[in-house]
Every structure is written in C-alpha cells, then in structure tokens.
C-alpha cells in the first residue's frame, strides 16, 4: 500500500523549520523541571531542562551532518522509510543504526545515541523520507551542540574518513 503522506505534508502539518544540521524539525516538548549545573556532567554548561523532544524529518538526498551533544538522544520512528544513523563512539568505533519498523532487515523502532558520540543520519531509500522524533535528556540546548568540522573529524578518526566526507558540510 502506497503511503499517501509526503515529506511536504508532514513539514506543513507539523509546522517544521530547517535545522542547522540538515533536515527539518519542530520542538514539541520542553520539560518544566530543570537540573542545576551541580547535578549535570562537565559537558553541560548551565541549567538544563530535564527533557526535550522534537519531530525530525529527513528526505533522501539530504543528511543530518555529524554533530554531538552533551546528553543522550533517543530516536523514535514515526513514518516513511527507515533512517540510517551513523555513530562514532568516543572510543573511535563506528556503529550503524537502522531506525524503522522492518525488524527482519535490522531496523529498530528506537535508537539510542549516548552523550558525547558523533552522529549523522540519512535516508538511503530513493524518493523517500523519514519522519522520526528525538528525545534528549537532560534536555537539548544549542549550548551543548557541536557541528563537526570535516577536516578535524577526519584527522581524529581517519579510519572513517569516507563516511565523514559524505556526512559533513
């Protein structure tokens, strides 16, 4: 059965805007509960909301560039094709996660990216998109967001130079 919804449909209905890392997003939740710097890690700089959530949408041909944040990020699949999330862990190992509902093909409805990992994503199925959600705890703040430099990341993780070249700006 053909999916009648399109990327444009979701962007309009969910009032999504362009994200600096690529794709489109809409913040849907920001907890009123906050954590003080005293209970957070040294990666955080100041008070943070306990949790935040967004809708996130990527279309084939675009990508979410390698970036990292100071908190854990849980990805949730909603609609469209599966999404491939590439993670470079702090030990330098590369992990490929598949977000989606095709369990037999290795997809999972949820994917966790731990704090401090570099990660990027893309839709690999031509003429498709992925609508997903991301929940961050402690909550997302652009103060904790770092967009990767292609040359710096390739120098640090030369064994992954090809995927870094593909998924950085």
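The values are calculated or read from the model by the stated rules, or taken from the named source; none is laboratory data. In this text the structure is predicted, and so the values were computed from the model without any measurement. We place every Cβ from the backbone using ideal geometry, glycine too, and count neighbours over all the protein chains shown.
Can residue 161 be described as touching a helix residue (DSSP H, G or I) at 6+ places or on another chain (Cβ under 6 Å), surrounded by fewer than 16 Cβ atoms within 10 Å (Cβ to Cβ) and at pLDDT 95 or above?
Taking the combined requirement at face value, the residue satisfies it.
Output the qualifying pairs, or none if there are none: Cβ atoms under 8 angstrom, residues six or more apart or on different chains, first residue in segment 134-151 and in contact (Cβ under 8 Å) with a residue 24 or more places away in the chain, second residue part of a helix (DSSP H, G or I).
148/164
Return the total of residues in segment 23-38 being surrounded by 13 or more Cβ atoms within 10 Å (Cβ to Cβ) and part of a loop (DSSP other than H, G, I, E, B).
2
What residue, among those in segment 115-142 that are farther than 22 Å from residue 69 by Cβ and touching a helix residue (DSSP H, G or I) at 6+ places or on another chain (Cβ under 9 Å), is surrounded by the fewest Cβ atoms within 10 Å (Cβ to Cβ)?
128
Of everything in segment 1-20, what is more than 17 Å from residue 80 (Cβ to Cβ) and either assigned to a helix (DSSP H, G or I) or modelled with pLDDT of 95 or more (or both)? Give them in sequence order.
Result: 15, 17, 18.
How many of the residues in segment 49-59 are closer than 30 Å to residue 8 by Cα and either out of contact with any helix residue (DSSP H, G or I) (no Cβ under 6 Å at 6 or more places or on another chain) or exposed (fewer than 15 other Cβ atoms within 10 Å of the Cβ) (or both)?
Matching residues across segment 49-59 total 7.
For (1) surrounded by fewer than 18 Cβ atoms within 10 Å (Cβ to Cβ); (2) under 11 Å from the mean Cα position of the chain (by Cα); (3) free of Cβ contacts under 8 Å to residues at least 24 places away in the same chain, each residue gets a yes or a no:
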position	(1), (2), (3)
21	no, yes, no
47	yes, no, yes
66	no, yes, no
70	no, no, no
109	yes, no, no
113	no, yes, no
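Taking residue 3, is it loosely packed, with under 13 Cβ neighbours inside 10 Å, in contact with a strand residue (DSSP E or B) (Cβ under 9 Å, 6 or more places away or on another chain) and touching a residue at least 12 places away in the same chain (Cβ under 8 Å)?
Criteria met by residue 3.
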